[in-house]
Amino acid sequence: MDVKKEKELRDAEAMEQKNILITSVDKFLNWGRVHSFWPVSFGLACCAIEMASTGDPRYDISRFGYEYFQASPRNADLMIVAGTLTRKMAPIARRIYDQMAEPKWVIAMGNCACAGGPFADSYAVVPGADSIVPVDVYVPGCPPRPESLLFGMLQLKQKVQNPAKARLIKHGK
Amino acid sequence: MVSDVLRARVGELAARVYGEVEECLGVLELTVNYPDAIAALTGAKNFAEVPCDFLHDLCGMDLGDHLEVVYQLSSLRGPQRLRIVARVERDNPMIDSATHIWKGADFLEREAFDMFGIKFSGHPNLKRIYMWDDFEGYPMRKDYVIESHEQRAVMRVRKEGE
């Protein structure tokens, strides 16, 4: 992570220690969760190809522990919405999300899942997956490079490990 | 580079089905009215030396005051290509289905129905193919108004069996 972010995190940590106490049990559970986000395979369109190539040996999602793409949402804890969410698919996406067990997180991968992308004004597209499922991390790009998706997953890791800090960091302006 | 044999055959067919022939983008184009569309298609499929027996594509078009169904014909046995354009009324768009000539027209006609509202009589299963079954409106028509961001961001209730 870059230097500015590190400084922000340190300031937030100092603030956190005054406000919130994470118990050591929570810390241990978060350590387990964060080193094994198992995504449910929810590749909808072209971003699915980039998600697959993130799992390939060159960009290797496995070195973080995230390589086990689950076929069933009941076994997964992360939903990467990779691709255009059409209005016909929206109830199914919600159903998959509802079938996952807590704790669960969502990454919106690609411009289409973030805000509709090139098809934002289409009659058939939901402009952004965040009106259907609650998104934790947005990874922009068309498609985002595998390194971008990995950065997004590491951001999610930071968010889960330090929930208070993630709330306190000012994102952008 | 349209061969003379094909040009002659299309000319004969045009006389039979009261159509007009012109050459557009290197391909002969035969424009007919919707009652004669099936006759034109069967005629083209049964041309003597240059049968256009492969339905390459079928699509709808909206030209403001009327709709059109465009059949792109080609052949796996020769270089011949033909485009047949059938004019369809806008108020009650009906045309006979080509499924008994080519089975592949099935899904293509469903797409034309879904996007333009053109009804194909004699089609075995004419229902929407891209949009969901209860969708109102025909999106590819020029006068279709796309719903606002707020309306599209709402998740609809899904019917069983869609």
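Looking at region A:84-99, which of the residues that are over 30 Å from A:Leu29 (Cα atoms) and more than 8 Å from chain B (Cβ to nearest Cβ) is surrounded by the fewest Cβ atoms within 10 Å (Cβ to Cβ)?
So the residue we want is A:Met89.
Could you please let me know if B:Gly60 is buried (at least 18 other Cβ atoms within 10 Å of the Cβ) and in contact (Cβ under 8 Å) with a residue 60 or more places away in the chain? Full working, then the answer.
Numbers: buried (at least 18 other Cβ atoms within 10 Å of the Cβ): yes; in contact (Cβ under 8 Å) with a residue 60 or more places away in the chain: yes.
In short, yes.
Six or more apart or on different chains, Cβ atoms under 9 Å: show the pairs whose first residue is in region A:63-75 and under 15 Å from A:Val106 (Cβ atoms) and whose second is of a type in the set (Lys, Arg) and part of a loop (DSSP other than H, G, I, E, B).
Taking only residues 6 or more apart or on different chains, the pairs are A:Pro73/A:Lys104.
From the list A:Glu8, A:Glu67, A:Glu50, A:Glu13, which residue is outside any helix (DSSP H, G or I), surrounded by 13 or more Cβ atoms within 10 Å (Cβ to Cβ) and out of contact with any Cys (no Cβ under 8 Å at 6 or more places or on another chain)?
A:Glu67
Can B:Asp65 be described as loosely packed, with under 14 Cβ neighbours inside 10 Å and under 14 Å from B:Ile118 (Cβ atoms)?
no
Given the conditions (1) in a loop (DSSP other than H, G, I, E, B); (2) away from chain B (no Cβ under 14 Å); (3) of a type outside the set (A, V, I, L, M, F, W, C), report the number of the one that A:Lys159 does not fulfil.
(1)
Can you tell me which residue within region B:1-37, out of those that are aliphatic (A, V, I, L, M), in a helix (DSSP H, G or I) and open to solvent by 30 Å² or more (accessible area, probe 1.4 Å), is nearest to B:Met61 (Cα to Cα)?
B:Ala15
For A:Glu102, only one of the following conditions fails: (1) at the interface with another protein chain (Cβ under 10 Å from one of its Cβ atoms); (2) assigned to a loop (DSSP other than H, G, I, E, B); (3) charged (D, E, K, R). What is its number?
If we test A:Glu102 against (1) at the interface with another protein chain (Cβ under 10 Å from one of its Cβ atoms); (2) assigned to a loop (DSSP other than H, G, I, E, B); (3) charged (D, E, K, R), just (1) comes out false.
I'd like the full set of residues that are open to solvent by 20 Å² or more (accessible area, probe 1.4 Å), more than 7 Å from chain B (Cβ to nearest Cβ) and closer than 20 Å to A:Leu78 by Cβ, limited to region A:112-133.
A:Cys114, A:Asp130
The values are calculated or read from the model by the stated rules, or taken from the named source; none is laboratory data. Since the structure is predicted, the reported quantities are computational estimates derived from the model, not experimental observations. Note that we place each Cβ from the backbone using ideal geometry, even for glycine, and neighbour counts take in every protein chain shown. Remember, those area values only see protein heavy atoms, side chains included, never the ligands or the DNA or RNA. Shrake-Rupley method; radii C 1.70, N 1.55, O 1.52, S 1.80 Å.
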